[in-house]
Structure formats: structure tokens, C-alpha cells
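> Handing you a structure now.
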Amino acid sequence: MDSRSEKTEYLRRGDARRLLIIGGILLMLAGILFGDIFAVFILHPNADRIIAGLVHVANAIIAGDADKVFAYFSEIGGLLENRGTKVDAHVHAITLGYLAVVLAVLQPYVRLDGPLKFRLAQVFIVSACIMPPSIFVIHYLGLAYSPLASIGWASIFADLSGFSIILVCLLEMWGLGRYIFASTHKPEADEALPFPASWEARTLLHSGMLMLLIGFIYGAVHAGVYSEKYEQLEISRLGGIIGHAVTGDQDSASDAVGDYGILQGQRGTKIAAHAHINEFGMLALLLAFVQQYVFLARRWRRRWVLTFITGSFVLPIAVAMEMQFGLAAGGVADVGGLLVFIALSGMFAGIVRHSGMCDAKSEAGA
Amino acid sequence: MNRAQRTMIASGLIIVLGGMVFGLYYALFAEHQHLAGMGTSLSTSMAEAASGRLADAQQSLSQYGDVRYNYLRNVHAHSHWSSLGIFLMLLGLALKAVHYDERVCMCLALLLIYGSVAFPMGVWLATLQLGLTAKVFSITGAIALLGGISGYAWGLRPSKQAE
């Protein structure tokens with residue numbers, strides 16, 4: 001049974017929920033799109049250049065040239081920072097988007113004045129929009145004009161925005177605490193948390209839990225069996241590069257660099273598969289709570305849900321198989337990410353339509 | 001909201017906050033130093049090898065391993081606390097979909113809360129050289145999380161009462 005007949009909550013102008021849901025989903029969309037672009041155009045070329053750099057380092061060791069070693073490592077450090085800051089920006093944009101939507105769903109239970117809640121939502125969204133670009137820019141800005149020895153302006157902005165988000169969450173927690181410790185526990189009568197009961201919401205809830213279960217088991221196996229082994233192997237393979245280079249064996253040194261690259265690939269793909277299936281599982285649970293605001297025809301709501309679930313499984317499975325099937329699997333993973341982006345965009349369009357409908361109703365009522 | 005929901009949501013928010021405060025502290029006071037330390041020790045190791053000082057090179061490589069060990073675990077703790085906090089809040093919000101009575105829901109909530117705190121805590125404690133204590137927290141935390149999420153997923157299946 002489709003439960004569109006259940007009471008529909010409205011996202012009115014000035015409602016903190018509306019700002020947090022729309023802002024949160026926009027953050028997620030930006031983070032996902034950025035991640036897909038990064039995976040297609042930067043990830044693999046960057047990894048290839050790091051490995052090439054290590055081959056140069058091995059050759060410099062053979063030649064006995066310590067200055068060249070430092071020079072090549074400086075380049076490798078730049079490539080690692082390039083990749084690390086981009087992954088960081090991607091992760092933070094999406095996670096802050098998640099937090100925004102969770103806070104949105106909790107708003108009826110946060111016992112603070114409406115204008116204050118809206119102001120907190122504004123501060124959260126603004127800070128959340130500052131943090132990922134600040135992290136992205138760290139690689140390009142470095143320590144230029146920084147007042148501190150090891151932290152540049154980009155990091156300062158990222159840390160300040162993080163601090164703002166912490167303050168907002170503290171206030172939200174205080175408001176939530178007022179509800180939890182109150183003598184009565186009913187939220188405002190017309191803002192009770194609706195239980196996600198539509199087909200779309202239940203499908204997202206169940207598929208999200210399945211993704212989380214798979215992701216947790218996969219992560220536990222990785223942590224228990226592979227994690228420390230990979231760390232020890234990393235040091236061992238770096239030692240192997242040094243050992244072969246010192247004896248002047250260029251071919252063996254290059255092979256050792258290749259082995260090191262394969263190890264990093266194995267570790268990286270396992271971690272990425274674990275992280276992505278868990279993140280998509282959480283996103284599915286989140287989206288279950290906003291389906292009531294997706295103002296689209298039933299067939300489109302269901303198509304977006306199925307598209308989302310398809311992409312959410314395709315991406316992590318393809319990433320996990322990337323070491324066996326190479327760039328073909330990587331391409332399939334990118335398609336999976338694109339499906340998630342398209343589905344989320346479709347749902348977002350429905351939410352924007354809903355907010356427009358609310359505004360039109362308010363004006364008609366006025 | 002019932003008691004189990006309130007407990008999960010409040011705990012989740014506290015864990016998210018804790019994760020973010022930890023992340024901010026690490027970013028401000030330690031991350032850059034760890035990154036610089038990894039770069040310096042590894043490049044020094046290779047340069048010492050180039051200069052023929054193999055013993056020094058091994059020493060520097062070992063130092064790289066130590067710094068990287070700490071770096072990975074600090075990042076792991078921050079990311080897992082933050083994510084598990086959000087995860088707890090979401091499961092708390094959806095708890096009404098689970099077909100258990102309130103006592104079982106409360107047990108499930110406590111199991112998941114313990115796991116969400118203990119697992120990343122165990123990983124982080126390894127940086128303080130607390131080997132056995134760290135392992136106890138991380139293993140019991142992981143088991144609690146797996147048990148909790150399995151129990152939660154089982155409770156979502158359609159029940160005869162619901163039908």
C-alpha cells in the first residue's frame with residue numbers, strides 16, 4: 001500500500017528543516033560529483049606518477065645521489081598531498097551533508113526557539129560549505145602568508161568552520177537534551193516525527209541495512225585479517241626497494257616498486273569498498289526519512305529509489321574488484337557513482353518542488 | 001520517541017561531537033606534524049641509503065613506520081567515531097521499524113553504543129602503546145557492532161503481528 005495518504009509534513013519557508021535538508025543534499029551532491037570527477041581524472045594518473053617517482057628514487061639510490069632523492073620525494077609529497085586533500089574534501093562534504101539531514105529530521109525534538117534553530121541551521125550550512133573547499137585549497141595555498149609555522153590559511157579556515165559546526169551541534173544537543181529530560185516527551189503536535197512507511201522509504205530502509213551489514217562484516221574481516229599485515233608489508237616492501245637499490249640491481253628495484261604499488265592498490269581498494277558501501281547504507285537510511293518531501297509522481301519516486309540502490313551496490317563491488325579487473329572495474333564503479341548522483345538529484349528536484357508547493361500554498365493562504 | 005530511541009540519538013550526537021572535537025584537536029596539534037614526520041623520515045631513509053648508510057636507512061624507515069602507525073590510527077578513530085555517531089542517530093530514528101519490545105530495543109541500543117565507542121577507542125589506544133587493552137576494546141567493540149547491526153536487521157523483517 002502506498003502511504004501518500006499519511007499525513008504529509010510541510011517544509012515551510014523559515015523552517016530550519018528545509019534549509020538543512022536542501023543544504024545537506026546539495027552538499028552531498030557536490031561531494032559525490034567531486035568524488036566521481038576525482039576518481040575518473042585524478043586518482044589513477046596520480047597513483048601512476050607516485051610509482052614513477054619511487055622508481056626515480058630507486059635510481060637515485062643506485063646512483064648514490066642523496067640530493068636527487070630529496071628532490072623526488074618532494075614531488076611525491078606534493079602528489080600525496082594532492083590526492084589526500086581531494087579525498088578529504090570529498091569525504092567531509094558528504095559527511096557534513098549527512099549530519100545536516102540528520103539534524104533536520106531531529107528538529108521537532110530540539111527545544112529551541114524557531115528563529116534560533118533557523119539561525120543555527122544557517123551557521124551550519126555556511127560552515128559546511130566553507131570546510132570542503134578550504135581543505136581542497138590546502139594543496140594549492142600551502143603556507144603562503146600564514147601566521148603559523150605549520151598550518152596555512154586554508155587549514156585555518158577549515159578548522160574554524162569545523163569549530164563552528166561543533167558549536168552548532170552543542171547547541172542542538174542542548175535543545176535535544178531539554179526534550180529528553182522534560183517531564184513530557186511529545187514534540188510539537190503538528191511536527192511529530194513521521195515513521196517512514198511508504199514503499200520508497202521501506203525499500204531504502206531495508207536496502208540500507210543490508211548495505212551496512214555487508215559493509216560492517218567486510219570491514220571487520222579487513223581489520224582482523226589484512227590491516228596490520230598490510231602495514232607490515234608496506235615497511236617490508238619499502239625496505240626491499242632500498243635493499244635492491246643499494247646493491248645496484250635496477251630491475252629488481254623497479255619490480256619492488258611495482259610490488260609496493262600493488263600493495264597500496266590492494267589496501268586502498270579494500271578500504272574504499274568498505275567505506276563506500278557503509279556510506280551508501282547510511283545515505284539510504286537518511287533518504288528514507290526525506291521521501292515524504294519528494295514531490296514527484298509515484299513511478300519517478302520509485303525509479304529514483306531503484307537507481308540509487310543499484311548504484312550503491314555497483315560502486316563498492318566494482319571498487320573491490322578493481323585489482324582483478326583493472327580500469328574496467330574502475331569505470332563500472334564510476335558509473336555506479338553517477339547513478340547515485342542522478343538518483344539523488346532526482347529526489348532533490350522533488351524536494352525543491354515540495355518547498356515550492358509549500359510557498360505557493362502559504363501565499364494562497366495569505 | 002521511546003527510551004531506547006532517545007538513548008541512541010543522544011548517544012549518537014555525543015559520539016559525533018566527540019569525534020569532531022577529536023578531529024579538530026588532531027588537525028590543529030598533531031596531523032601536520034605527523035605528515036611532515038612521515039615525509040621526512042621516509043625521504044631521509046632513502047637518502048641515507050643513497051649515501052651508503054644502510055643501518056641509518058633502516059632506522060629511519062622504522063621511524064617512518066612508527067609515525068605512519070600513529071597517523072593511520074588517529075585518522076581511523078576520528079572518521080569512525082564521527083560516522084558511527086551518525087549511524088547510531090539514524091538507527092535510533094528508524095527504531096520503530098524494528099519488531100522488538102522495548103527491553104530488547106534497549107539492549108540493542110546499549111550494544112550498539114558500546115560498539116560505537118569502544119571500537120574506535122581500541123584503535124586509538126594502540127597509539128598509546130596499550131597493546132592488550134587496545135585489542136580488548138577494538139575486538140569487543142567490533143563484535144558488539146556486528147551483533148547489534150545483525151540484531152537490528154533481523155528485527156526489520158516483516159512480523160506476523162505487523163501483518
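FYI, it's all coordinate maths here, none of it is from the lab. A quick note: this is a predicted structure, and the numbers were derived from the prediction, not measured. Cβ placement follows ideal geometry from the backbone for every residue including glycine, while neighbour counts extend to all protein chains displayed.
> Quick one: putting +1 on the C-beta of Lys and Arg, -1 on the C-beta of Asp and Glu, what dipole do you get for chain A around its Cα centre, in Debye to the nearest 20?
Magnitude of the dipole: close to 1660 debye.
> Hey, what did chain A get for relative contact order, percent, Cα under 8 Å, at least 6 apart?
Here the relative contact order equals 22 percent.
> Of B:121, A:213, A:253, whose Cα points farthest to the positive end of the dipole of the protein assembly as shown (charges on the beta-carbon: +1 Lys, Arg; -1 Asp, Glu; origin at the Cα centre)?
Going by the Cα projections, it comes out as A:213.
> OK, next. What does the charge add up to near residue A:73, with Lys and Arg as +1, Asp and Glu as -1, over the other residues with Cβ less than 14 Å from its Cβ?
Net of charged neighbours comes to -3.
> By per-residue mean of other Cβ atoms within 10 Å, what is the highest-first order of A:37-48, A:67-78?
Put in order of decreasing packing, that is A:67-78, A:37-48.
> Something else: Assign unit charges at the C-beta atoms only (+1 for Lys and Arg, -1 for Asp and Glu), then state the dipole size of segment B:5-103 relative to its Cα centre in Debye, rounded to the nearest 20.
In debye, rounded to 20, segment B:5-103 gives about 260.
> Per-residue mean of other chain beta-carbon atoms within 10 angstrom of the beta-carbon, peptide A:29-38?
Partner-chain Cβ atoms within 10 Å, mean over residues of A:29-38: 0.
> Restricting to Cα pairs below 8 Å that are 6+ residues apart, what does the relative contact order work out to for segment B:1-82? Please round to a whole percent.
42
> With the contact rule set at Cα under 8 Å and sequence spacing of 6 or more, what percent relative contact order holds for segment A:204-288?
55
> So which residue, out of A:55, A:305, A:221, gets the largest mean-square fluctuation from a GNM of chain A using Cα contacts under 10 Å as springs?
Comparing A:55, A:305, A:221 in a Gaussian network model of chain A, the most mobile one is A:221.
> So what's the net charge close to residue B:25: Lys and Arg +1, Asp and Glu -1, counting the other residues with Cβ under 13 Å from its Cβ?
Net local charge, residue B:25 excluded: -2.
> Here's something else I'd like to know. Average partner chain C-beta neighbours within 10 Å, per residue of A:60-70?
Rounded to a whole number, the mean comes out at 5.
> Something else: For residue A:237, what charge total do you get from the other residues with a beta carbon under 14 Å from its beta carbon, if Lys and Arg give +1 and Asp and Glu give -1?
It works out to a net charge of -1.
> Using 32 Å as the Cα-Cα cut-off, could you pick out the over-long pairs in A:270/B:135; A:86/A:229; A:229/B:96; A:117/B:96?
Violating the 32 Å Cα-Cα cut-off are A:229/B:96.
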